[in-house]
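Let me begin by presenting the structure, written as structure tokens, before commenting on it.
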Amino acid sequence: MQYDYKEIVPYLIDWFSYNARILDWRENPKPYFVWVSEIMLQQTRVEAVKGYFDRFITDLPEIRALAECEEEKLLKLWEGLGYYNRVRNLQRAAQVIMSDYNGELPADYDKLLTLPGIGSYTAGAISSIAFQIPVPAVDGNVLRVTKRIAGSFDDITKEAIKKELWQDLNRIMPKDQPGDFNQSLMELGATVCLPNGKPLCEKCPVMHLCQAFHQDSVMRIPVKAEKKARRIEDKTILVVEYQDKYAIRKRARKGLLAGLWELPSIEGKLTKQQIDGALRELGLTTHSVEFLGDAKHIFTHLEWHMTGYHVVLEENSLQFISEENGYLWANQGEINQIYTIPSAFSAYASIWKDN
């Protein structure tokens with residue numbers, strides 16, 4: 001049964017006016033700032049994004065700077081946020097904007113949808129927040145909040161359900177405050193109608209209208225289809241050091257972590273003795289091999305189960321770890337300032353950060 005969301009609009013807008021968190025991109029909702037923040041916020045918490053946003057905007061304060069930025073610097077500015085294709089698409093879109101729209105984000109929902117990396121949610125967020133165009137912005141927070149309000153057990157992973165909600169919200173979108181309304185739903189989902197654990201219903205401005213609250217079904221909504229189990233890969237990660245420099249290698253231009261710098265690795269979970277043997281077979285003489293512990297990194301459809309070792313080489317081993325073999329030696333400062341090491345390896349980053 002279709003739910004009419006019209007009644008929630010004034011309550012949410014009023015609540016948002018008093019409870020909205022103070023954020024740089026809200027205080028100064030320039031289209032470029034809104035766009036960058038929304039891309040950063042995809043699958044990342046607001047508190048985590050603040051520092052990245054400040055750093056990114058300081059270095060790339062306008063669309064032209066983003067369009068012209070060298071890739072190594074661009075990836076370094078994004079380091080820690082993950083999903084590096086997002087920042088690559090951000091730059092591709094900036095280049096299109098420079099060539100087709102005179103360097104200005106188009107104030108048009110349909111034109112925004114044609115830009116790389118911008119889907120219906122991001123186009124709706126930019127349109128409503130930056131340009132006050134009355135279109136919805138439906139993300140996970142909005143789906144959770146609205147389905148609880150409606151007491152709906154629809155599967156929110158289905159595209160048809162998302163489209164139906166978009167149409168429902170589009171019908172009741174306030175023409176004078178679309179940005180505030182969209183942000184009120186996002187904010188409620190982030191701070192009150194929480195995704196993990198029990199929501200803070202007593203703080204909700206529409207608790208009296210919430211069907212899930214009245215039916216005691218809050219913890220059973222939203223409904224999501226069971227995800228396919230992730231594939232697990234065992235990997236042995238090596239932090240290879242010689243004279244305060246570390247061996248890193250650039251990954252292929254396509255595939256997982258494309259074009260980023262990685263630490264040397266061996267498939268499988270190796271013991272210290274097996275590491276010694278494997279390195280000898282490669283012609284490497286080690287000064288020391290220290291166990292760094294186990295770690296896990298979760299990608300969307302894959303899990304890396306890692307075992308790490310700190311390997312300090314003798315000088316006669318350097319011919320293998322060379323540019324001819326795809327490796328580069330970088331010191332602590334270069335890794336921290338130039339080369340982008342994905343967060344998948346962060347469990348072992350303390351070696352070069354602490355030295």
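What pairs come out if I take residues in the stretch 10-26 that are farther than 27 Å from residue 51 by Cα and in the same structural domain as residue 41 (by TED's automatic domain parsing) and pair them with residues that are among the hydroxyl-bearing types (Ser, Thr, Tyr) and surrounded by 13 or more Cβ atoms within 10 Å (Cβ to Cβ) whose C-beta lies under 7 Å away, six or more apart or interchain? Matching pairs, first to second residue: 12/184; 13/184.
For residues that are in contact with a helix residue (DSSP H, G or I) (Cβ under 9 Å, 6 or more places away or on another chain) and among the polar types (S, T, N, Q), scanning just the stretch 192-240, find the one that is nearest to residue 287 (Cα to Cα). If we take residues in the stretch 192-240 being in contact with a helix residue (DSSP H, G or I) (Cβ under 9 Å, 6 or more places away or on another chain) and among the polar types (S, T, N, Q), then 236 is nearest to residue 287 (Cα to Cα).
With respect to residue 134, determine if the residue is over 23 Å from the mean Cα position of the chain (by Cα), closer than 13 Å to residue 8 by Cα and part of a loop (DSSP other than H, G, I, E, B).
no
For the stretch 285-311, a tally of residues being under 21 Å from residue 256 (Cα atoms) and among the hydroxyl-bearing types (Ser, Thr, Tyr) returns 2. Against the criterion of being at pLDDT below 95, out of contact with any helix residue (DSSP H, G or I) (no Cβ under 7 Å at 6 or more places or on another chain) and in the same structural domain as residue 200 (by TED's automatic domain parsing), residue 114 does not qualify. Tell me whether the stretch 11-26 contains one or more residues that are assigned to a helix (DSSP H, G or I), over 16 Å from residue 182 (Cα atoms) and not basic (Lys, Arg). Checked against the condition, which is being assigned to a helix (DSSP H, G or I), over 16 Å from residue 182 (Cα atoms) and not basic (Lys, Arg), the stretch 11-26 yields at least one hit.
Only one of the numbered conditions (1) of a type in the set (A, V, I, L, M, F, W, C); (2) surrounded by 21 or more Cβ atoms within 10 Å (Cβ to Cβ); (3) part of a loop (DSSP other than H, G, I, E, B) is not met by residue 94, and that is (3). Find the residue count for the stretch 294-318, including only residues that are out of contact with any helix residue (DSSP H, G or I) (no Cβ under 7 Å at 6 or more places or on another chain), more than 16 Å from residue 247 (Cβ to Cβ) and not aliphatic (A, V, I, L, M). Residues meeting the conditions: 8. When 141, 85, 102 are checked against the criterion of being polar (S, T, N, Q) and either more than 18 Å from the chain's Cα centre (by Cα) or buried (at least 22 other Cβ atoms within 10 Å of the Cβ) (or both), a single residue qualifies: 102.
Scanning the stretch 219-276 for residues that are within 25 Å of residue 329 (Cβ to Cβ) and among the β-branched types (Val, Ile, Thr) turns up 236, 237, 239, 240, 248, 266, 275.
Restricted to the stretch 261-296, and to residues there that are farther than 16 Å from residue 235 by Cβ and acidic (Asp, Glu), the residue that is modelled with the lowest pLDDT is 281.
Take the conditions touching an Asp or Glu at 6+ places or on another chain (Cβ under 7 Å) and closer than 17 Å to residue 90 by Cβ and apply them to residue 130. Does it pass? Lay out the reasoning, then the answer.
Values: touching an Asp or Glu at 6+ places or on another chain (Cβ under 7 Å): no; closer than 17 Å to residue 90 by Cβ: yes.
In short, no.
Got a number for residues in the stretch 334-351 being surrounded by fewer than 18 Cβ atoms within 10 Å (Cβ to Cβ) and not in a loop (DSSP other than H, G, I, E, B)? So the count comes out to 8. Restricting to the stretch 109-136, what's the tally of residues that are touching a residue at least 24 places away in the same chain (Cβ under 8 Å), under 20 Å from residue 181 (Cα atoms) and hydrophobic (A, V, I, L, M, F, W, C)? Matching residues across the stretch 109-136 total 7.
Screening 205, 199, 222 for residues that are touching a residue at least 60 places away in the same chain (Cβ under 8 Å), on the phi < 0 side of the Ramachandran plot and within 26 Å of the chain's Cα centre (by Cα) leaves exactly one candidate, 222.
Screening the stretch 27-61 for residues that are outside any helix (DSSP H, G or I) and within 12 Å of the chain's Cα centre (by Cα) and picking the one that is nearest to residue 130 (Cα to Cα) gives 42.
Are there any helices (runs of 4 or more DSSP H) wholly within the stretch 139-214 with 2 or more residues that are within 11 Å of residue 12 (Cβ to Cβ), at pLDDT 95 or above and among the aliphatic types (A, V, I, L, M), and if so which?
Working: elements: 140-150, 159-172, 178-191, 211-214.
The qualifying helices (runs of 4 or more DSSP H) are 140-150, 178-191.
The values are calculated or read from the model by the stated rules, or taken from the named source; none is laboratory data. From a predicted model like this one, the values you see are computed outputs, not experimental measurements. Backbone-built Cβ (ideal geometry, glycine too); neighbour counts: all protein chains shown.
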